[in-house]
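The values are calculated or read from the model by the stated rules, or taken from the named source; none is laboratory data. Owing to the predicted nature of the structure, the values given are computational and were not obtained by experimental measurement. FYI the Cβ positions are ideal-geometry reconstructions off the backbone, even for glycines, and counts take in every protein chain you see. The accessibility values were calculated without ligands, DNA or RNA, using every heavy atom of the protein model including side chains. Shrake-Rupley method; radii C 1.70, N 1.55, O 1.52, S 1.80 Å.
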Amino acid sequence: MTLVFSSPPWRAQWLDPLQLGSETQVLVHYRQSFLTGSEGGQLFPLTEVDALDLPLSTKQGLGMWEGLPIVLYELSEAPSIAGLNWLGLRQIMSSQLDTSYVEMLCMAAQVGTWATQHRFCSHCGIPLLAVTGERAMACPQCHNRYYPRISPCMIALVTRGDEVLLARSPRHAPGVFSTLAGFVEPGETIEQCIAREVLEEVGVQVTQPRYITSQSWPFPHSLMLGFHVQYLHGEIRLQPEEIEEARWFPLNALPNLPGPHTIARHLIDCYLAERLGTTHPM
Ligand SMILES: NC(=O)c1ccc[n+]([C@@H]2O[C@H](COP(=O)([O-])OP(=O)(O)OC[C@H]3O[C@@H](n4cnc5c(N)ncnc54)[C@H](O)[C@@H]3O)[C@@H](O)[C@H]2O)c1
Ligand SMILES: [Mg+2]
Ligand SMILES: [Zn+2]
């Protein structure tokens, strides 16, 4: 028997934006929105985009999509263009798209945000220069290098047998309940972060963190580290600024959940598969 392994359509890599040929495809981005064609796609041929004469902040070579080079055009504003729309990344992600394609858009948004926020040396205050061969900006005076910033976050599904603890933050869509999440603080391990965030946000103590998976999350530069944790002790008590409602839900009566392409949904679906024998998510 011959096994055939197909490679994923998306491969991130550093590409020199000054060396790109006519086969290059362009993603046009401004503040977590992408220029979108009438058919709903975000990739445009280089020659078509160059003809639009867009207000460019920076170009970043991102990698290869189905064998073609991809460059990001990060704009300094979002002009209206006849026949094209600006679509927010969250809105794009709410539809059933290929996971590799979503990963490419998430990486592009994160690189674009980083590039616009790292134009000057924070030590000397002078303009930075792009480094050749890796994704970094360098100061010509103090030689500091600025790499893309990534902020680790814990995301945890708290479980108690066939019940899960889900919460709503004011940022969530109306009616949607999700898992708890929070940024790692300096000096903290991910396990300490889980214990602190869960206690702060809903007032309960948890134990036995079990790592499930991770997800790069470009709002604006998080790396989500996903866990199942078991309830240990305490009654639900909300942190008012962060959480507007939190409840224990039986697995057979769950509320509206986060959409596809979210690790929150993945953690919940994994637990459903474990307890109820439903299909395990990919
Ligand atoms: N992919 C998913 O399924 C999913 C689900 C839920 C949350 N998230 C993401 O998890 C991340 C953390 O969640 P949260 O908002 O509940 O965090 P959180 O509970 O730590 O609270 C957010 C607050 O933390 C503070 N903060 C501390 N460090 C910060 C940093 N490095 N960057 C920004 N703010 C910082 C700010 O005051 C901010 O308002 C966010 O990026 C959120 O979008 C992803
Ligand atoms: Mg939080
Ligand atoms: Zn400097």
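Taking the criterion of being surrounded by 19 or more Cβ atoms within 10 Å (Cβ to Cβ), under 23 Å from the mean Cα position of the chain (by Cα) and hydrophobic (A, V, I, L, M, F, W, C), the only residue of the stretch 45-64 that qualifies is 62. Listed conditions (1) within 30 Å of residue 252 (Cα to Cα); (2) surrounded by 16 or more Cβ atoms within 10 Å (Cβ to Cβ) are all met by residue 234, apart from (2). Looking across 275, 210, one residue alone is part of a strand (DSSP E or B), more than 9 Å from ligand 1 (Cβ to nearest atom) and charged (D, E, K, R). It is 210. Is it the case, given these coordinates, that residue 80 is open to solvent by 60 Å² or more (accessible area, probe 1.4 Å), in the same structural domain as residue 16 (by TED's automatic domain parsing) and either within 16 Å of ligand 3 (Cβ to nearest atom) or of a type outside the set (Asp, Glu) (or both)? Against the criterion (open to solvent by 60 Å² or more (accessible area, probe 1.4 Å), in the same structural domain as residue 16 (by TED's automatic domain parsing) and either within 16 Å of ligand 3 (Cβ to nearest atom) or of a type outside the set (Asp, Glu) (or both)), residue 80 qualifies.
Restricting the stretch 128-146 to residues that are more than 9 Å from ligand 3 (Cβ to nearest atom) and outside any loop (DSSP other than H, G, I, E, B) leaves a set whose member that is farthest from residue 58 (Cα to Cα) is 145. Of the numbered criteria (1) in contact (Cβ under 8 Å) with a residue 40 or more places away in the chain; (2) open to solvent by 30 Å² or more (accessible area, probe 1.4 Å), the one residue 117 fails is (1). What about residue 219, is it more than 10 Å from ligand 1 (Cβ to nearest atom) and either closer than 23 Å to residue 256 by Cβ or in contact (Cβ under 8 Å) with a residue 24 or more places away in the chain (or both)? So residue 219 does not fit the description; no. Residues that are acidic (Asp, Glu) and exposed (fewer than 14 other Cβ atoms within 10 Å of the Cβ) within the stretch 246-282 comprise just one, 274.
None of 125, 187 is open to solvent by 60 Å² or more (accessible area, probe 1.4 Å) and assigned to a loop (DSSP other than H, G, I, E, B) except 187.
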